[in-house]
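The values are calculated or read from the model by the stated rules, or taken from the named source; none is laboratory data. In this text the structure is predicted, and so the values were computed from the model without any measurement. We place every Cβ from the backbone using ideal geometry, glycine too, and count neighbours over all the protein chains shown. The accessibility values were calculated without ligands, DNA or RNA, using every heavy atom of the protein model including side chains. Shrake-Rupley method; radii C 1.70, N 1.55, O 1.52, S 1.80 Å.
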Amino acid sequence: MHSIKHIFFISLALFLSACVEDLAPEKEDLRKESSFEVKPSANFSASTTTNDAINLEDELASYDAVVLYFTMWCSTCSGHMDEIDYKQDNYPNIRFLMVDYVSGSIAQSKRSQRDNGYQHMTTLVDNNDVLQNLYDGKMATTVIINSQQEIIFNELYKNKLYDMLDAL
């Protein structure tokens, strides 16, 4: 009976963690090499958790680049988002947007954003997988789109992101 309780609590903890994905992504990005080429980005419009609409072309008219970070609200993503939050003040001409591709609705995404303490960051709700499909987004995918609307970075989150932003 004692071991059944342990198994139950371990199973419950795993179930409630809401993050059953691999929390330590591979060091290498396993997507096709073609995703690393500089290529044009399609324009997109997406809703935020505050029910505003974000349009890529409009953002690039005001900023030198847009950074998209694909989050699933797990501990790994939280660590990355904390670092982005801390460093984004160093890049006043760069627009940082978090992309929630797992919640499925604006209301659920807003709850996840609030529950994880990121309500001060602009979060796009990708409930139709438009951005996920457009940028091959998955947990920790980070995309930089420059002012010429070119994708110059599309990889898993790493410090190379800030080297790329410094070069803009």
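On a full-extension model of 0.36 nm per residue, what is the gain between Asn93 and Lys160, subtracting their alpha-carbon distance, rounded to one decimal in nm?
Working: separation 67, 0.36 × 67 = 24.12 nm, distance 1.82 nm.
So the chain would gain 22.3 nm between Asn93 and Lys160.
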- Residues of segment 40-167: accessible area per residue at 1.4 Å, in Å²? 45
- Message: How would segment 113-157 be classified by its alpha-carbon gyration tensor: rounded, prolate or oblate, with rounded meaning a/c under 1.5 and the a/b versus b/c comparison settling the rest?
- Response: prolate
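Please state, as a whole number in µm²/s, the translational diffusion coefficient that the Stokes-Einstein equation yields for segment 80-141 at 25 °C and 0.890 mPa s, with Rh defined as the Kirkwood radius across alpha carbon pairs.
On the way: Rh = 12.4 Å.
After rounding, the answer is 198 µm²/s.
Can you give me the Rg/Rh ratio for segment 40-167, using Cα atoms for both radii and the Kirkwood formula for Rh? Kindly include the intermediate steps, with their values, before the conclusion.
Details: Rg = 13.2 Å, Rh = 14.4 Å.
Using only Cα positions, Rg/Rh for segment 40-167 is 0.92.
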- Task: Calculate the radius of gyration of the Cα atoms of segment 61-109 to one decimal place, then report Dmax, the largest Cα-Cα distance, as a whole number, both in Å.
- Result: 12.1, 33
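If you roll a 1.4 angstrom probe over the protein chains with everything in place, what fraction of the accessible area of segment 40-167 belongs to carbon and sulfur, to the nearest %? Provide the component values of the computation, followed by the final result.
Working: 2300 of 5710 Å².
The nonpolar share, carbon plus sulfur, comes to 40 percent.
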- Computed over segment 40-167: relative contact order in percent, which uses C-alpha pairs under 8 Å that are six or more apart: 32
- Note on the structure: Distance in nm between Asn43 and Gln108 label points, each 7 Å along Cα→Cβ, equals 3.1
